[in-house]
Every structure is written in C-alpha cells, then in structure tokens.
1. Using a 10 Å cut-off on Cβ to Cβ distances, tally the other chain neighbours for every residue of B:26-33 and report the average as a whole number.
2. Go through B:GLY59, B:ALA239, B:ALA150 and say which Cα lies farthest out towards the positive end of the charge dipole of segment B:50-274; charges sit on Cβ, +1 for Lys and Arg, -1 for Asp and Glu.
3. If each residue's Cβ is checked for other Cβ atoms within 10 Å, how do A:LYS329, A:LYS248 rank with the fewest at the top?
4. Taking the Cα centre of chain B as origin, work out the dipole magnitude from +1 charges on Lys and Arg Cβ and -1 charges on Asp and Glu Cβ, in debye rounded to 20.
5. Can you compute 3J(HN,Hα) from phi for each residue in segment A:315-331, using the Karplus curve 6.51 cos²θ - 1.76 cosθ + 1.60 with θ = phi - 60°, rounded to whole Hz and x for Gly and Pro?
6. List every residue whose amide H lies under 5 Å from the amide H of B:LEU192, counting only residues 5 or more places away in sequence or on a different chain, with H placed 1.01 Å from N in the peptide plane.
7. From the backbone phi of segment B:221-236, what are the Karplus-calculated ³J(HN,Hα) couplings (6.51 cos²θ - 1.76 cosθ + 1.60, θ = phi - 60°) in whole Hz, Gly and Pro given as x?
8. Kindly identify the protein assembly as shown as rounded, prolate or oblate by the Cα gyration tensor criterion: order the square roots of the eigenvalues as a ≥ b ≥ c, call it rounded if a/c is under 1.5, otherwise compare a/b with b/c, prolate if a/b is larger, else oblate.
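Read-outs: derived from the displayed coordinates by stated rules, not from any lab. Every value quoted in this text rests on a predicted model; they were computed, and no experiment measured them. Ideal geometry is used to build each Cβ from the backbone, glycine not excepted, and the neighbour counts take in all protein chains shown.
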There are 2 protein chains.
Amino acid sequence: MVASEVRALFAVASRPEIVSLAGGMPNVAALPLDQLGDLVKDVVSEEGTAALQYGSAQGDPVLREQICDYMTLEGIQAVPDDVIVTVGSQQALDLITRVFVDPGDIVLTEAPTYVTAINTFAAFQADIRHVGMDDEGVDTDELDHALTEAAKAGRTVKFFYTIPNFQNPAGITMSAERRERVMEVCRRHDVLIVEDNPYGLLRYDGEQKPTLYSQGDGNVIYLGSLSKTLSPGLRIGWALAPSAVRAKLVLAAESAMLSHSTFNQFVVRRYLETFPWREQIKTFNSMYTERRDALLGALNTMMPVGCTWTRPEGGFFVWATLPEGIDAKAMLPRAVNHRVAYVPGTGFFADGRGRDSMRLSFCYPTPEQIREGVRRLVGAIEGEIDLRDTFGPAMATTTEGSQAPTPDLP
Amino acid sequence: MVASEVRALFAVASRPEIVSLAGGMPNVAALPLDQLGDLVKDVVSEEGTAALQYGSAQGDPVLREQICDYMTLEGIQAVPDDVIVTVGSQQALDLITRVFVDPGDIVLTEAPTYVTAINTFAAFQADIRHVGMDDEGVDTDELDHALTEAAKAGRTVKFFYTIPNFQNPAGITMSAERRERVMEVCRRHDVLIVEDNPYGLLRYDGEQKPTLYSQGDGNVIYLGSLSKTLSPGLRIGWALAPSAVRAKLVLAAESAMLSHSTFNQFVVRRYLETFPWREQIKTFNSMYTERRDALLGALNTMMPVGCTWTRPEGGFFVWATLPEGIDAKAMLPRAVNHRVAYVPGTGFFADGRGRDSMRLSFCYPTPEQIREGVRRLVGAIEGEIDLRDTFGPAMATTTEGSQAPTPDLP
C-alpha cells in the first residue's frame with residue numbers, strides 16, 4: 001500500500017532527530033505571517049458575510065480571472081469560464097479520473113510518477129501503464145508504442161498523465177523538442193493529455209519551456225496549484241479544461257463537495273490582488289535554489305561510486321539510483337537508524353519497479369540539515385554496500401514487499 | 001437536471017427585487033465578524049507555519065477531539081479516531097457513496113430528500129428508491145417492505161439515507177418511537193444507515209430526540225457539519241463511522257483531496273476552543289425561531305384553502321403542498337414574476353414526483369421579507385387557481401419536465 005508507506009514516512013519525518021529528505025512540504029515559514037494575518041482578518045471583517053457563505057461549484061469568478069492572469073506567467077492564454085477551482089490540484093486529478101475512467105481503462109503515466117496520482121487512478125480501477133523517461137522527459141517512442149499496442153488490442157486509453165516541469169519524483173524537465181513530440185504522438189492517437197504543473201514557477205535555472213496546454217487544441221487538461229507558491233494549507237488548485245470537459249468537472253465537483261471554501265478563495269483573491277506575490281515567489285526560489293545546490297553539492301562530494309542522480313532545474317525533488325544489488329526499500333529502516341529518511345522508489349510505480357531508487361527532497365530542510373542528511377544517507381548506503389560485498393545482494397533484500405518494516409519502526 | 005435547477009435558482013435568488021424562499025443559506029451575518037477577524041489573524045500569525053501546511057487525510061486530531069465534544073450535545077459518545085473531517089458533510093456523503101455503491105446497487109432515501117444527495121447517489125449510478133414519510137418521519141412499514149422486496153429480488157441495498165431532524169426539504173423530525181423502529185427494521189435486514197444531521201442543534205421547540213447513531217451497534221454512519229451552526233464557507237463537516245469503514249473513507253479522502261484545508265481546521269479549532277460558540281448557537285436559534293414563526297404565521301394567515309404545509313421544530317425548511325391541479329414547477333416562472341422564489345418539489349425526488357409541492361426556506365430572509373414573500377407567493381398561487389378553475393388543470397401544466405422554463409428566465 002503506497003499511501004500507507006507515505007503516511008508512515010510522514011510520521012518518521014516529524015521526529016526532530018531525523019533529517020527528512022522524504023516529504024514534499026513547501027517551506028511556508030518563508031511567508032510573512034504577520035502580513036498574511038492582517039490580510040485574513042480583513043477578509044473576515046470586511047467581506048465576512050460573503051466569505052463565510054456557500055459559493056459556486058466552479059469557484060469564485062474573480063479568483064478564476066486572477067488564475068488566468070497567474071497562468072500567463074506560464075505562457076497560457078485562458079478565459080475564467082474554462083477554469084474550475086479545486087481542493088488542491090489533487091481534487092482536479094480525482095474529478096478528471098472520476099469523469100473519464102471506467103474500470104479497466106488504460107491510463108498512461110511517466111515512470112516513475114506522483115504517488116497519489118497512482119492511488120487515484122487505482123481507486124477508479126484504471127489499468128495504469130508506465131512509459132519510461134530519460135533526461136529530456138518521457139520516451140515518446142515508448143509512448144507511441146504503448147498507444148499503438150493498446151489500439152491493436154482494442155483497449156481504451158483515457159489519458160496520458162504527465163508532470164512536464166521538475167517532475168515529482170524524478171526531478172526531470174521535459175525538453176521543448178520532446179513536448180512537441182508528445183503533442184504530435186497524442187494528437188495522432190487522439191488521446192487526451194493531463195498536464196500537472198504545480199512546480200512550474202519554481203525554476204532555479206535554465207529556460208522556461210512552453211506548456212503542453214498552450215500547444216494543444218482542446219486535447220489538454222491543465223492542472224495548476226498555489227500549494228507550492230503560496231500555501232498547501234489553503235488547498236487552492238485548479239483545472240483548466242475545454243468547456244465540454246469543464247462542465248462535467250463542475251457537476252462532479254458539486255457532487256463531491258457542493259462548493260470549495262469561499263473563505264479560502266477570498267483569502268487567495270485578496271492575496272493575489274494586494275500582495276507582492278511575484279516577489280514572494282522570487283523569495284521562495286532563492287531559498288529553494290540554495291537548498292537544491294546544497295543537496296546536489298553534497299551528493300556530488302559524498303555519494304559512493306555507482307550512485308547516480310538527476311539534476312533538477314526547479315521544483316523540490318532529486319531522484320537517486322543506488323549501485324547494483326542495493327535495495328532502497330530494504331535499506332530504509334537502517335537509514336532511519338542513521339537518522340535520515342527518504343521515499344523509496346517503489347512508491348512511484350504501480351508495478352513494483354523502483355527498488356534501486358529513492359526520492360530525495362530539498363524543499364523543507366535547511367542547507368545544513370540537507371548536508372548532514374546526505375552524510376547520514378551515505379553512511380547507510382556504505383553499510384549496505386559492505387553487506388552486499390560480504391554476503392551478496394540476496395542478504396540485503398530479505399525483507400521484501402509488504403513484509404518490509406515500515407519506516408516508523410525503530 | 002436537478003442540480004442545474006438549483007443553480008438557476010441561486011441566480012434568481014441573488015437579484016435584490018426577489019424575495020427568495022429558495023436557498024438554504026444560513027444567515028452568517030449574525031456572526032460577530034470583527035471578533036472572528038481577530039481570531040483568524042491569530043491563527044495565521046501565531047500558528048501559520050502549521051496552519052498553512054499540508055495536513056492528514058483524516059483531519060486534525062485536536063479538531064477531531066473537539067468534534068467528539070460537540071457531538072455530546074447530540075447525545076453521542078465517540079472517540080476522535082472514528083471521526084474523519086470532510087469538505088462539508090457533502091464530501092462525507094460522496095466518499096461513503098464512492099466506497100459502498102457499485103452501479104445498480106439500491107440506495108434507499110426518504111421521499112422527498114436532499115437534492116445533492118440524489119445527485120451524488122446518481123453520479124455513482126445507484127438505483128435510488130424512495131420511502132414515504134408522515135409527520136413522524138419515514139414510514140417504517142414501507143421501509144421494511146422495500147428491504148424485503150429487494151432481498152426477494154436478490155438485489156443489494158447498500159444503505160438507507162435519512163435526515164432525522166428537521167429534514168431537508170420536508171421539515172419533518174422523526175419521532176423517538178419511529179427511530180427505534182427504523183433501527184429494528186434496518187438491523188433485521190442487516191442494512192447500513194447513513195444519518196445526516198446538519199441541523200440537529202438548531203431546534204426551536206420540542207424535545208431533542210436520540211440520534212440513530214447512539215442506538216446503533218456499528219450499523220450507522222453519522223454525518224455532522226458546522227455549516228449551519230458556524231459557517232458553510234469554511235466547509236467543515238465530518239463523518240463518524242465504525243473503524244473499518246472509517247479507514248476506507250480516509251483512503252478515499254486522500255485520493256479525493258490529499259488533505260482538507262489545515263487553515264480552516266485551525267480556524268475552527270480556535271473557534272471551538274476560545275469562542276462562546278454555544279451562545280452563538282443560541283443567537284442563531286432565537287433568530288431562526290423568529291423567522292420560522294414569521295413563515296408559519298404568514299402561511300396560516302394567507303395561504304389559500306387546499307394548501308397544506310409542515311411545521312418544523314427546527315432547521316431551515318417548510319414543505320408546502322398545493323391544491324389539486326396546481327403545479328409548483330410550472331408556476332415558478334410566474335412566481336418569479338411576482339418577485340418570489342422557492343424550490344419546486346420535483347428536485348427532491350429521483351422519480352419525477354413532487355410537482356404539487358415546494359420547499360420554502362426561512363433561514364436567510366428577514367421576518368418582514370418572509371411575510372412579503374408569502375404575500376407574493378399567495379398571489380401567484382391564486383393566479384394558478386384562477387387559471388385552473390377557468391381552463392382546467394391541463395392548462396397549468398403545459399410546460400412540463402425539461403421543457404419548463406428555468407427560473408432565471410424573465
């Protein structure tokens with residue numbers, strides 16, 4: 001159960017003696033809390049009768065207009081009527097799956113991909129198929145092949161789910177050429193694309209790439225979020241969808257929750273209207289740049305021979321692969337003994353792959369903690385290498401699958 | 001499409017010249033907004049780093065403990081571990097339906113019942129069957145019969161959905177004897193009960209009745225909400241469920257939204273901890289008592305012979321039935337011409353019944369507006385009676401079903 005693994009990890013990560021490279025929690029401590037306190041006070045005292053009332057299932061119209069402005073920073077031209085505000089982009093993903101997926105339908109995703117997307121697709125009994133990635137993003141030949149084979153077998157592929165920027169968990173950004181190729185392949189096979197872009201504005205170097213949405217013609221649903229650029233605790237995400245799809249999503253949202261929190265929407269409305277939020281994103285970016293550099297620098301200096309890892313241009317995550325015969329999932333309890341935590345790679349695949357890999361996140365710990373975390377992680381890996389060299393790789397993988405101790409055991 | 005009817009009505013209700021007896025919006029203007037403004041400010045400035053962060057899918061543990069305290073006012077003894085915090089009780093209903101209902105499964109409800117419950121059950125392709133009510137609540141002989149017939153036909157009944165207190169839309173409260181009988185029937189047929197109780201503490205006279213949950217033995221899921229006793233804009237509802245069910249609901253919630261808004265949960269946490277919220281409920285109750293009395297008084301004084309209506313002991317709604325041959329749905333556009341709005345009864349049935357009925361709500365307009373609204377409504381009804389008496393009942397029902405003009409047409 002991948003969800004329970006992640007929950008167990010959150011339990012570990014909260015212990016003060018552990019350096020957690022596991023969670024994907026943004027560093028909200030970088031927000032000016034006193035100013036935000038004044039802002040929320042004004043929302044209640046000045047607009048309380050509206051802010052504390054029910055709202056519409058599609059979301060507040062003013063906020064939807066602001067979201068369109070926000071998306072222009074990603075090069076997207078959109079109208080408020082095509083936007084639906086959701087409880088984080090997670091709810092958008094859930095509503096899309098609910099509207100599109102019948103049991104047994106194929107959903108294609110990158111390999112690896114976002115944990116909770118896997119859970120959501122599985123909850124609606126999708127047949128989740130992974131498509132490999134390289135440094136430029138998803139392998140489009142493999143994508144083409146998967147779509148061709150599905151068509152030959154008479155199977156329905158409902159959509160291809162992708163996180164093109166600073167992918168969670170791989171940290172890979174799809175190149176501009178690859179994006180064009182994805183669009184070409186999906187258009188040729190007439191398959192919908194779900195583009196999940198929560199990290200897009202958290203870019204630390206390299207050039208911004210055009211969204212798939214902006215290259216599409218009604219065949220892309222775009223998911224955005226303020227969870228990483230403002231706060232996940234407000235749960236403001238959205239879907240931008242062609243109007244026929246959007247109408248179905250609004251009905252599903254009404255069934256799912258009647259309406260999102262008007263209060264939170266009014267808070268975000270005022271934030272986007274009155275706050276220097278572009279500057280706030282720059283503040284986040286310089287902080288996260290430093291943390292990413294701390295992680296990459298420490299990996300570069302300390303990691304044993306045979307380990308490889310990705311070099312993200314933004315976002316929160318680095319994907320590391322261990323030397324042959326070392327099992328990241330089996331190692332986790334021993335890493336926790338070394339007082340460091342990460343997410344084993346297996347959680348990011350629907351098919352049991354990923355034992356040799358792990359996701360390392362640099363968003364939450366300080367640069368000093370990150371360096372100390374890598375030091376401890378290297379200690380754990382070196383211990384595994386010693387075990388492997390002494391007893392052979394079988395020894396390191398005796399506790400497999402659901403038998404593996406959860407990371408919150410001592 | 002019942003949802004679109006309700007949406008259209010909200011559009012009408014917002015026009016200032018219309019007295020709306022349609023919407024079920026609580027009167028949040030009765031809240032002390034300045035004090036609440038200070039409260040939310042303190043949440044952000046004092047606890048912002050936690051309040052603006054991700055939370056758990058089950059909901060904040062402190063809030064779940066407070067919810068257990070809150071439910072003691074309804075006579076419920078519960079532990080926080082059995083509570084899951086949801087985006088209004090609507091989300092709880094959605095998650096329950098998602099977890100339990102396979103396409104074609106029977107769901108039993110009272111007749112009439114809550115509009116969006118019908119939509120949610122329909123979204124998961126339930127076979128919705130209504131069970132009639134009288135002044136003491138659901139007809140338990142009919143319930144028994146429906147369950148017996150389903151069993152004979154080899155059909156699965158997933159649950160019986162009921163709103164025992166001040167039912168939406170009927171305004172009826174299930175008597176204590178009837179509750180015992182419902183428990184007996186459902187236990188005998190081994191069928192789960194979903195008890196929806198958003199209005200329970202908004203009682204204006206009569207004696208509190210024991211909840212079904214408190215008479216159950218793991219066969220009742222209880223839904224609660226602060227939408228009516230505090231604010232719907234915060235979207236804080238919950239389910240109280242036996243632990244095996246609760247675990248499934250938490251997984252479904254994680255898939256549906258990752259976690260609810262931590263911010264809103266912290267706001268409500270502080271509200272329940274620091275605010276004289278029992279006094280606030282008394283304030284609401286004396287305001288709503290006056291409004292209910294204004295509605296019942298006006299109906300009593302003005303309604304034409306042949307009209308009947310319920311006399312709620314609490315909640316927001318009165319259910320009125322028109323004289324023979326008068327169609328509430330067909331009348332609505334003419335009522336809007338009289339500058340009054342209501343919800344036609346058809347929206348509260350899955351099977352097209354309810355043409356002779358309407359839901360009148362007294363929560364939002366002032367007593368003066370309510371009296372004026374009834375005056376206008378009576379004008380509309382008298383017009384229909386004249387039409388009927390002149391041309392016969394067929395004339396009043398020429399615009400039927402989906403051909404009926406939506407209420408936001410002029």
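1. Working: counts 3, 2, 7, 4, 1, 4, 2, 9.
The mean count of partner-chain Cβ atoms within 10 Å per residue comes to 4.
2. The residue sitting farthest along the positive end of the dipole is B:GLY59.
3. Numbers: A:LYS329 24, A:LYS248 16.
Going from least to most buried by this count: A:LYS248, A:LYS329.
4. Working: 37 positive and 53 negative charges, 124 e Å.
Around 600 debye, computed over chain B.
5. Running phi through 6.51 cos²θ - 1.76 cosθ + 1.60 with θ = phi - 60° gives x, 10, 10, 10, 10, 10, 10, 8, x, 3, x, 9, 10, 5, 6, 5, 6 Hz.
6. Result for B:LEU192 returns B:PHE160.
7. Each residue of segment B:221-236 in turn: 9, 9, 10, x, 7, 9, 5, 9, 9, 9, 7, x, x, 8, 6, 9 Hz.
8. Numbers: a/c = 1.85, a/b = 1.83, b/c = 1.01.
Cα axes put the protein assembly as shown in the prolate bin.
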